1. How many residues, within the range 67-79, are farther than 17 Å from residue 114 by Cβ and part of a loop (DSSP other than H, G, I, E, B)?
2. Please determine whether any residue of the range 109-131 is closer than 17 Å to residue 25 by Cβ and modelled with pLDDT under 85.
3. Considering each residue of the range 110-128, count those that are in contact (Cβ under 8 Å) with a residue 24 or more places away in the chain and buried (at least 16 other Cβ atoms within 10 Å of the Cβ), and give that number.
4. Can you pull out the residues in the range 81-108 that are assigned to a strand (DSSP E or B) and either modelled with pLDDT of 85 or more or surrounded by 16 or more Cβ atoms within 10 Å (Cβ to Cβ) (or both)?
5. If residue 64 meets every condition in (1) within 23 Å of residue 28 (Cβ to Cβ); (2) at pLDDT 90 or above; (3) part of a loop (DSSP other than H, G, I, E, B) apart from one, which number is that one?
6. Residues to consider are 8, 30, 36; find the one that is at pLDDT below 90, more than 22 Å from residue 122 (Cα to Cα), outside any strand (DSSP E or B) and touching a helix residue (DSSP H, G or I) at 6+ places or on another chain (Cβ under 7 Å).
7. Residue 42 is checked against (1) touching a helix residue (DSSP H, G or I) at 6+ places or on another chain (Cβ under 7 Å); (2) closer than 21 Å to residue 23 by Cβ and fails just one. What number does that condition carry?
8. If a residue has to be closer than 15 Å to residue 63 by Cβ and not in a strand (DSSP E or B) to count, how many in the range 109-137 make the cut?
């Protein structure tokens, strides 16, 4: 019985520790203008939808006038950006990492590293812009 209690206590501690260390970043924090850093497990978008590492997200339609995706970059096997268009629409990608990025003017945004389901294709998703242009469903 004591062994069972010890196992249950260990499982509870691991679960609580995991919840306590899972960091979430929100759109409002990005908009605050302060410098952000850290490892994030979740992102709450401007619309209130939460995205987490491990989530499946469906690609929408390209927003570029040339029929290519603009706010999602596909990476080839050498990690160089590769253009891609409607042939990848409706493909599911799995979120692997969440990063905060800043441009020269100090604006913050969130980028996801994602991998296509059942392939070795990788993507960088600038999530708020991708949502606004329907590149993410």
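1. Of the residues in the range 67-79, 2 are farther than 17 Å from residue 114 by Cβ and part of a loop (DSSP other than H, G, I, E, B).
2. yes
3. Looking only at the range 110-128, we keep the residues that are in contact (Cβ under 8 Å) with a residue 24 or more places away in the chain, and these are 110, 112, 114, 116-117, 120-128.
Right, trim to buried (at least 16 other Cβ atoms within 10 Å of the Cβ) and you get 110, 112, 114, 116, 121-128.
The number of residues fulfilling the criteria is 12.
4. To start, the set of residues in the range 81-108 that are assigned to a strand (DSSP E or B) comprises 81-82, 85, 92-102, 108.
Within the range 81-108, 85, 92, 93, 94, 95, 96, 97, 98, 99, 100, 108 qualify.
5. Looking at each condition in turn, residue 64 falls short on (1).
6. Among 8, 30, 36, only 36 is at pLDDT below 90, more than 22 Å from residue 122 (Cα to Cα), outside any strand (DSSP E or B) and touching a helix residue (DSSP H, G or I) at 6+ places or on another chain (Cβ under 7 Å).
7. (1)
8. 10
The values are calculated or read from the model by the stated rules, or taken from the named source; none is laboratory data. Quick caveat: nothing in here was measured; it's all calculated off a predicted structure. Cβ sites come from the backbone with ideal geometry, for glycine too, and all protein chains shown count toward neighbours.
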